[in-house]
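K.L.:
Take a look at the following structure, please.
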Amino acid sequence: MPTSPSVQSPAQSTRQHTILVVEDEPSLATSIAQRLASEGWNARVVGDGATAVQAALQINPDLIIMDIMLPVMDGLEATKRIVTARAVPILMLTARDDEVDKVIGLGAGADDYMTKPFSMRELIARCKALLRRVERAKVIAKNYENEKVLSFGTLVIDPAQRVVTMNDEVIHLTPTEFDLLSTLARKPKSVLTREKLLEEVWDWVDASGTRTVDSHVKALRHKLGADMIRTVHGVGYAFEPPAEGTAQ
């Protein structure tokens with residue numbers, strides 16, 4: 001498989017994360033890989049979407065950094081194929097600060113996004129947050145394994161199985177979308193601030209990612225309907241159960 005040699009840190013950690021970098025600009029790909037290696041992570045680099053799909057299945061990375069504009073297969077299609085086969089956090093890179101592009105990227109299965117150009121410091125912070133979320137999700141799943149199914153009439157959320165159905169049909173949500181929806185649904189009609197959602201869902205302790213919350217809410221609305229999540233301008237969001245159902 002045409003992947004680059006691994007870029008590794010001289011000091012190996014006991015739990016070395018493997019991160020797949022999918023970027024067709026050689027200089028940027030190298031810079032990202034070297035910065036990841038300085039954190040003690042194992043970075044693998046590929047330059048197109050089709051190879052990224054193969055690499056994701058073969059090396060089982062802990063995280064993928066995926067550019068949208070790629071040869072052979074674009075990052076959106078590659079992301080869809082990867083997350084269909086295996087749940088893995090994906091940080092998407094976009095060249096345009098366009099909200100539509102970001103929502104499309106999140107809808108394809110990405111967990112977060114960054115707009116080029118970006119600082120390596122911010123990239124590492126986002127990667128660390130996503131990796132923490134994976135470990136945190138395991139703890140949360142354990143804590144909620146005995147939680148009752150959240151039933152809101154046509155919408156049913158099963159925290160233990162991490163499955164959402166609407167009108168008896170399974171709705172495919174990314175891990176981040178599921179966590180966001182279940183966090184809101186556990187307190188129906190209660191307003192949760194963007195900062196609170198960042199803390200609960202993304203494990204961020206500052207407000208630098210509030211636009212990420214907004215983009216994920218838009219992606220959720222696209223899948224569940226615009227009326228399911230209410231915007232409280234200047235504050236945050238509230239889950240509005242379907243009219244015919246209440247939590248059981």
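No lab work stands behind these numbers, since they all come straight from the coordinates. Being a predicted model, the structure only gives us computed values, none of them experimental. A quick note on method: Cβ atoms are made from the backbone with ideal geometry, for glycine too, and the neighbour counts reach across all protein chains shown.
K.L.:
Could you work out, for the range 25-102, what percent of all Cα-Cα pairs fall into each 10 Å distance bin, beginning at 0 Å and stopping at the bin that holds the largest distance?
P.N.:
18, 52, 28, 1
K.L.:
Shifting gears a bit: In whole angstrom, note down how far apart the Cα centers of the range 179-194 and the range 159-174 are.
P.N.:
Centre-to-centre (Cα) distance: 16 Å.
K.L.:
Tell me, what HN-Hα J-couplings in whole Hz come from the Karplus equation 6.51 cos²θ - 1.76 cosθ + 1.60 at θ = phi - 60° for each residue of the range 53-59, using x for Gly and Pro?
P.N.:
Whole-Hz 3J(HN,Hα) from phi for the range 53-59: 4, 5, 5, 4, 6, 8, 9.
K.L.:
Related question: Hey, which of these cross-link pairs are over 26 Å Cα-Cα: Lys116/Lys189; Lys128/Lys189; Lys116/Lys218? Show your work: numbers first, answer last.
P.N.:
Details: Lys116/Lys189 37 Å; Lys128/Lys189 32 Å; Lys116/Lys218 21 Å.
The pairs that break the limit, which is 26 Å between Cα atoms, are Lys116/Lys189; Lys128/Lys189.
K.L.:
Now for a separate question. Around Met73, which amide H atoms from residues at least 5 apart in sequence, or from another chain, sit under 5 Å from its own amide H, with H modelled in the peptide plane?
P.N.:
Correct list: Gly49, Ala50.
K.L.:
So if each residue of separation counts as 0.36 nm, and I subtract the Cα-Cα distance between Arg211 and Glu39, what length gain in nm does that give? Can you show the working numbers first?
P.N.:
On the way: separation 172, 0.36 × 172 = 61.92 nm, distance 2.64 nm.
Contour length minus Cα-Cα distance gives 59.3 nm.
K.L.:
Right, another one. Going by average Cβ density within 10 Å per residue, which order do the peptides 164-176, 29-41 take, highest to lowest?
P.N.:
Details: 164-176: 16.0, 29-41: 18.8.
The most tightly packed comes first, giving 29-41, 164-176.
K.L.:
For Val134 and His222, compute 0.36 nm times the residue count separating them, minus their Cα-Cα distance, and round to one decimal in nm. Mind dumping the intermediate values first?
P.N.:
Values: separation 88, 0.36 × 88 = 31.68 nm, distance 2.44 nm.
Contour length minus Cα-Cα distance gives 29.2 nm.
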